[in-house]
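Read the structure below first, then the notes.
The values are calculated or read from the model by the stated rules, or taken from the named source; none is laboratory data. All values reported here derive from a predicted model rather than from experimental measurement. Positions of Cβ are backbone-derived with ideal geometry, glycine not excepted, and every protein chain shown enters the neighbour counts.
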Amino acid sequence: MNLSELYIIVDNHQREVRGVFQKQPQDWKNICTFPGLSDEEKSDLSWAGHDGVGFVRGESLKNYSCNDGHLEEIKLNIKRMSEEITKDFRDEGVVFEGYRFPIDLESIMFANFQNNRHSNIIKSQNNYHKFDRDRMFSLVEKLNRRFDELLEQEIEFFRQVDECSTVYELSQLSYGI
């Protein structure tokens with residue numbers, strides 16, 4: 001997710017941000033085929049009867065402001081979007097000996113539980129597998145390492161989001177690329 005490439009609805013008269021970061025809509029109110037419009041047409045929708053309203057990319061937000069409450073709402077929305085990306089990465093899982101193992105919280109807990117009790121049975125996305133002790137330990141270590149990497153990336157991104165004091169600063173962030 002590269003926030004500078006996403007759009008946000010703005011009030012051009014007040015030079016204020018009104019929405020949250022989002023992909024451009026396919027259709028918006030009375031405007032069909034929104035993606036076919038130029039960025040200039042999207043930034044000022046007066047031509048379609050929406051005086052002062054526009055959608056601008058994050059990279060164009062330098063001259064727009066918003067109140068502190070709305071900035072916090074935008075930050076919360078960004079964090080929610082990043083959580084979805086992290087979930088997708090966890091769903092991809094880890095491949096070990098040709099089998100894909102999920103790294104969602106339940107799977108990680110089960111893998112560690114099995115490993116701690118010296119059980120060598122674990123479930124991949126499609127089936128149960130039995131490994132010798134060394135391979136089981138290696139698999140669980142690999143799962144834990146990837147889980148921790150994703151958690152640390154998300155924590156760091158949240159820190160970056162929290163440190164931003166303007167919507168433009170937020171628009172310079174990216175996650176999961």
Of the residues in region 125-139, those that are more than 16 Å from residue 92 (Cα to Cα) and surrounded by 10 or more Cβ atoms within 10 Å (Cβ to Cβ) number 8
Within region 80-104, the residues that are touching a helix residue (DSSP H, G or I) at 6+ places or on another chain (Cβ under 6 Å) and under 13 Å from residue 175 (Cβ atoms) are 82, 86, 89
Requested in this report: Can you confirm whether region 35-55 contains a residue that is within 21 Å of residue 1 (Cα to Cα) and touching a residue at least 40 places away in the same chain (Cβ under 8 Å)?
Outcome: yes
Restricted to region 63-73 and to residues being surrounded by 12 or more Cβ atoms within 10 Å (Cβ to Cβ) and out of contact with any strand residue (DSSP E or B) (no Cβ under 7 Å at 6 or more places or on another chain), the residue farthest from residue 125 (Cα to Cα) is 71
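Let's see how each residue does on (1) surrounded by 14 or more Cβ atoms within 10 Å (Cβ to Cβ); (2) touching a helix residue (DSSP H, G or I) at 6+ places or on another chain (Cβ under 8 Å); (3) modelled with pLDDT under 95:
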| residue | (1), (2), (3) |
| --- | --- |
| 8 | yes, yes, no |
| 15 | no, no, no |
| 29 | no, yes, yes |
| 60 | yes, yes, yes |
Picking from 112, 77, 116, the residue that is of a type in the set (S, T, N, Q), out of contact with any helix residue (DSSP H, G or I) (no Cβ under 8 Å at 6 or more places or on another chain) and over 22 Å from residue 176 (Cα atoms) would be 116
Scanning region 63-117 for residues that are farther than 17 Å from residue 9 by Cα, of a type in the set (Lys, Arg) and over 11 Å from the mean Cα position of the chain (by Cα), the one modelled with the lowest pLDDT turns out to be 117
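For (1) of a type in the set (D, E, K, R); (2) over 21 Å from the mean Cα position of the chain (by Cα), each residue gets a yes or a no:
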position	(1), (2)
131	no, yes
134	yes, yes
140	no, yes
148	yes, no
158	no, no
162	yes, no
169	yes, no
173	no, no
